[in-house]
Each structure stands twice: as structure tokens, then as C-alpha cells.
1. Quick check on this structure: which one of A126, A90, A122 is over 21 Å from S29 (Cβ atoms), surrounded by 14 or more Cβ atoms within 10 Å (Cβ to Cβ) and out of contact with any helix residue (DSSP H, G or I) (no Cβ under 6 Å at 6 or more places or on another chain)?
2. Among residues belonging to region 1-17 that are loosely packed, with under 11 Cβ neighbours inside 10 Å and among the aliphatic types (A, V, I, L, M), point out the one that is nearest to the chain's Cα centre (by Cα).
3. If a residue counts only when it is more than 21 Å from K153 (Cα to Cα) and more than 16 Å from the chain's Cα centre (by Cα), which helices (runs of 4 or more DSSP H) contained entirely in region 18-134 have at least 3 such residues?
4. Report, by residue number, each residue of region 147-181 that is part of a loop (DSSP other than H, G, I, E, B) and basic (K, R).
5. Among the residues of region 116-157, write down those that are touching a residue at least 24 places away in the same chain (Cβ under 8 Å) and of a type in the set (S, T, N, Q).
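Just so it is clear, none of the values below were taken in a lab; they were calculated from the coordinates. Nothing here was measured: the structure is a model prediction, and the numbers come from that model. Counting neighbours? That spans all protein chains shown, and the Cβs are built from the backbone with ideal geometry, glycine included.
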Amino acid sequence: MKAKERRDNLLGAFVLSVSDRLRRETEESIGHTGASAAALIIIAQFPGRSIEFLRQAIGLSHPATVRVVDRLVEQGLVRRRTGGDGPAVAVTATAAGKRHARRILEIRQKVIADSLPKLSPAESKALTAILERALGQLSESPGTTHCRLCDMKRCPRSDCPVIHKQIELGVPPPEPVPVPD
């Protein structure tokens, strides 16, 4: 097997393992499967946005997004309100929803931190540079959903490769409101 093929295979196994653990632990935290954790993070960090904004951010159909919001409303984590003209609905996180969102972000950070071996400063810097380039490449189309579980406090907008690429494409995302500690 060629070195590149082996590297890609190792990366695939690593990404899948981290993804599985992240999904399992965030789903346990929120008590639902699927996109509920990502939806709550987006709602908490982008308050007052429409169901359509949320739908695009988490990559679901409109009916599926409405069902996710229904579950979060039932749990008391989210509220709906009129979103302006027409039938648009805006969603915001309740105080309990913000606390829950912070917990999900902490779980995410722990899963990722626990998944990486101890890195030297040089290794860490090299990995960061590779990830920045990779995320920029993955963000070649408008409306990317890569950051749906990102903690906006940990990745400043000015340093985010996804936001940089979206600005280049002429579709800058709105300013987030970081979830408080």
C-alpha cells in the first residue's frame, strides 16, 4: 500500500471514530438523536434567526428542521416567535437551552482533546495549518455546514478558514453570539 493511501485510510478511521464518539456523547447529553445538538448550538449562537437559516446551517429539509425545533421547544430549550413579515418563525434559546448548548460544546471539546495524542508546539502548529487548509478546501460552496457544532468563542471569526472562504464566495455568515460559560 502506498504511503498516501495508508495516510488517507488512517485519517478516515480517526475521523469516523471521533465523529461516532462525538455523536454518541452529544446525543446522550440532549436526549435526542440526529441534529438536535447541532440545532441547539446554532440557535444559541445565532439567536432570532429563521427556521430556514437553521435548516441551511444543519443541512436538513424544512420539515425535518421543524421537527427538531418542535422537540427542543418541548424540552424548554428553545422558543419560537414571529420572525417578521409573512410566516417566518424566529427561534431563540432559553436560559436552559444556553446552558445545555454550553454543555454540548464542552463535551465536544473534551472528545476532541481526548482523541488527540499530546502534541509538541510544532506538531500542534503544523496540524492547525493543515486543518485550516483542509477546511478552506471543503468550504468551496456557499452555505457550508462544517461549523454547526463549533464553539465560536474558541475560533475567532477573523481566524476561521470557513468564514474566510464564505466571504471570498460573497456569502459571509452572520455574526455569532458566543454561548456564555
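1. A90
2. L16
3. In region 18-134, 62-74 are the helices (runs of 4 or more DSSP H) which contain 3 or more residues that are more than 21 Å from K153 (Cα to Cα) and more than 16 Å from the chain's Cα centre (by Cα).
4. Answer for region 147-181, where residues must be part of a loop (DSSP other than H, G, I, E, B) and basic (K, R): R148, K153, R154.
5. Scanning region 116-157 gives S139, S141, T145.
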